[in-house]
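Take a look at the structure below.
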Amino acid sequence: MEFSLIDGTLAELECDALIVGKYRGDMTLSAKDLCLASGGVLEKWFESGDASGCQGEAAIFRRVPGVKAERVVVVGLGKEKDGAQNFELAVKTALKAVYFAKKIVIVSDDWLGVDPVWAVEKTARFMVESFEKSEDWKSSHKVQWKQPDSIAVYVPEKTTEFEKAFSYGIALGKSMMMAKDLGNMPPNLCTPKFMAEKCISIGTQLNIDVTVFDEEALKKLKMGCLLGVSQGSAQPPRMVVMEYNGGEKDNPPICLIGKGLTFDSGGISLKPAKSMDEMKYDMSGAAAVVASIAAASALKMPLNIVAIIGCTENLPGGNAIKPGDILTSYSGKTVEVLNTDAEGRLVLCDLISYAIDKFKPATVIDTATLTGACMVALGKEYAGLFSNDEDLAYALLQCGQNSLDRCWRLPLCRNYAEALKTNFADIANIGGPFAGASTAAAFLKFFVGDDTSWAHLDIAGTAWNSEGKTKGSTGRPVPILVDYLRTRTA
Ligand code: BES
Ligand code: MN
Ligand code: ZN
């Protein structure tokens with residue numbers, strides 16, 4: 001499948017599906033162009049109600065006079081005032097409607113009053129998301145996955161700005177697919193060892209230095225919390241450090257840290273059976289940071305980036321950690337495990353301390369499917385954002401909006417840390433029954449301190465769809481992370 005950016009005269013384009021937009025009432029510039037080229041025929045069809053312009057609609061017109069494309073596909077955009085909100089739906093509807101076509105051209109730069117450069121970037125990304133096949137493990141493929149031979153985004157005139165946006169969108173889409181495929185993988189195949197091997201192969205392809213730390217190496221580093229989580233499992237843990245050096249030699253890196261629980265059963269504090277299968281996506285934070293550093297390298301961003309993931313399973317067993325156990329973290333601080341299901345923060349605290357210690361980063365962003373409480377608070381739309389740095393928080397909120405991978409800031413104040421006090425160690429791994437997403441963030445902050453600019457994205461709700469046919473990984477938060485990296489190149 002070939003993705004490209006093209007220009008030229010609309011009516012002259014040869015393809016089997018030419019996609020343009022239309023509002024309820026008004027036409028877009030490109031729809032008007034085609035009406036003109038058709039000598040008013042297309043307009044008559046519109047007037048007789050053949051393309052109402054309602055949202056979610058795609059009307060197909062074959063052999064429009066004066067138009068070389070075999071079919072013109074007119075996508076309903078609703079009302080113009082709806083703006084960027086509906087852009088994603090409109091493009092995805094359009095691409096669904098042409099699933100049969102071999103050669104597709106989409107004209108979306110004039111939709112819904114959005115910035116044309118933004119439109120091209122998002123369209124490129126949605127093309128990849130819609131047509132690249134996600135991996136599955138079915139033994140026979142009754143329904144063949146249909147892919148066009150070529151799909152092009154049309155712009156009136158190819159400028160370097162459009163070209164940049166297009167390449168960015170394609171690279172981002174591909175990275176999202178990488179994250180999705182990892183999130184969807186069954187946990188018997190996607191083990192910590194597999195994750196590490198995947199990182200090595202990505203590193204080789206994209207010129208990223210990769211260091212894998214196995215159990216022995218983690219013991220040497222004294223990562224007691226990460227090791228504690230893994231000790232109930234037959235699969236040994238891995239920490240992987242990926243370094244991409246596209247920036248000036250002495251520029252401190254941006255550190256991306258991801259939770260990589262390849263399966264979270266809860267451990268001795270066992271989770272209920274319902275939906276436990278979904279806990280294979282508990283490595284989505286790790287998948288996202290790996291995919292993001294891959295995108296940064298593919299786009300040759302002039303930045304230094306370090307991605308660190310902590311991969312392990314969380315299982316019950318004779319060797320597993322127990323409620324009441326006290327672990328000594330990499331930082332030397334001790335943690336009382338009051339609930340073995342609050343394991344993500346145990347993995348992250350060691351990674352965060354290590355990152356700060358080893359790389360003296362300019363910024364640390366960790367991301368994790370950390371708390372059910374965050375999903376309860378924000379649902380599947382917004383990720384939870386926590387930060388000790390106002391500028392960083394604001395920047396990430398903006399990137400979330402721009403990349404359609406939104407987050408909402410949740411509070412992080414000293415009183416949440418009060419809930420983590422214990423008589424027996426420096427900190428406990430759970431707080432009380434309230435504000436679970438904030439107490440989890442407060443736990444992390446205890447290890448970050450105040451001197452490092454840090455943000456935490458809780459993606460428990462946004463990294464996964466649980467509903468029927470859409471059940472599976474979403475590829476989030478790759479868009480917001482890569483968008484943030486891009487802002488740092490400006
Ligand atoms: N991985 C889970 C959080 C989670 C829950 C992600 C549902 C996605 C969907 C995490 O390790 C966990 O179990 N958190 C506990 C924390 C609690 C014991 C304080 C939770 O949210 O219940
Ligand atoms: Mn858990
Ligand atoms: Zn977990």
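The values are calculated or read from the model by the stated rules, or taken from the named source; none is laboratory data. Because the structure is a prediction, the values reported are computed rather than measured. Ideal geometry is used to build each Cβ from the backbone, glycine not excepted, and the neighbour counts take in all protein chains shown. Remember, those area values only see protein heavy atoms, side chains included, never the ligands or the DNA or RNA. Shrake-Rupley method; radii C 1.70, N 1.55, O 1.52, S 1.80 Å.
So here's what we get for this one:
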| quantity | calculated |
| --- | --- |
| Rounded Å value of the spacing that divides the Cα centres of the stretch 14-60 and the stretch 257-284 | 48 |
| FRET efficiency for Lys421 and Asn245, using Cβ-Cβ distance with R0 set to 35 Å, rounded to 0.05 | 0.25 |
| Å² per residue, accessible surface of the stretch 93-161 at 1.4 Å | 49 |
| Lysine pair count for the stretch 259-323 [Cα-Cα under 21 Å; pairs on different chains or 8 or more apart] | 5 |
| Gyration tensor verdict on the chain (Cα atoms; rounded if a/c is under 1.5, prolate if a/b is larger than b/c, oblate otherwise) | prolate |
| Given charges at beta-carbon only (K, R positive; D, E negative), |dipole| of the chain in Debye | 860 |
| Mean Cβ count within 10 Å, highest first, over the residues of peptides 119-126, 45-52 | 119-126, 45-52 |
| Within the stretch 138-182, trypsin sites (Lys or Arg not before Pro) in DSSP loop having at most 12 other beta-carbon neighbours inside 10 Å | Lys138, Lys142, Lys146 |
| Heavy-atom accessible surface of the stretch 140-295: percent carbon and sulfur, 1.4 Å | 51 |
| Spatial separation of Cα centroids for the stretch 465-490 and the stretch 373-425, in angstrom | 17 |
| Residue-span extension gain [Leu36 to Ser275] - 0.36 nm each, minus C-alpha spacing | 80.6 nm |
| Three-way shape label, the stretch 339-490, alpha-carbon gyration tensor, a/c 1.5 | oblate |
| Point-to-point label distance, Ser139-Ser201, nm (Cα→Cβ direction, 7 Å offset) | 2.4 |
| For the stretch 311-466, accessible area per residue (1.4 Å probe, heavy atoms of protein chains only), Å² | 39 |
| Burial ranking of peptide ranges 383-393, 202-212 (average Cβ count within 10 Å, highest at the top) | 383-393, 202-212 |
| Segments 417-425, 97-105 sorted - mean Cβ within 10 Å per residue, highest first | 97-105, 417-425 |
| Euclidean distance between Cα centres, the stretch 216-243 to the stretch 99-148, Å | 39 |
| The stretch 52-64 - phi-based ³J(HN,Hα) in whole Hz, Karplus 6.51/-1.76/1.60, Gly and Pro as x | 6, x, 5, 4, x, 9, 9, 9, 10, 10, 9, 6, 6 |
| DSSP H segments from the chain that extend 27 Å or more along their own axis, Cα-based, with Kyte-Doolittle mean of -1.0 or above | 160-184 |
| Efficiency of FRET between Arg63 and Thr159 - r from beta-carbon atoms, R0 22 angstrom, step 0.05 | 0.10 |
| Pairwise FRET efficiency - Cys54 versus Glu390, Cβ, R0 = 56 Å, nearest 0.05 | 0.85 |
| Sulfur and carbon atoms: percent of accessible area, the stretch 325-391 [1.4 Å] | 51 |
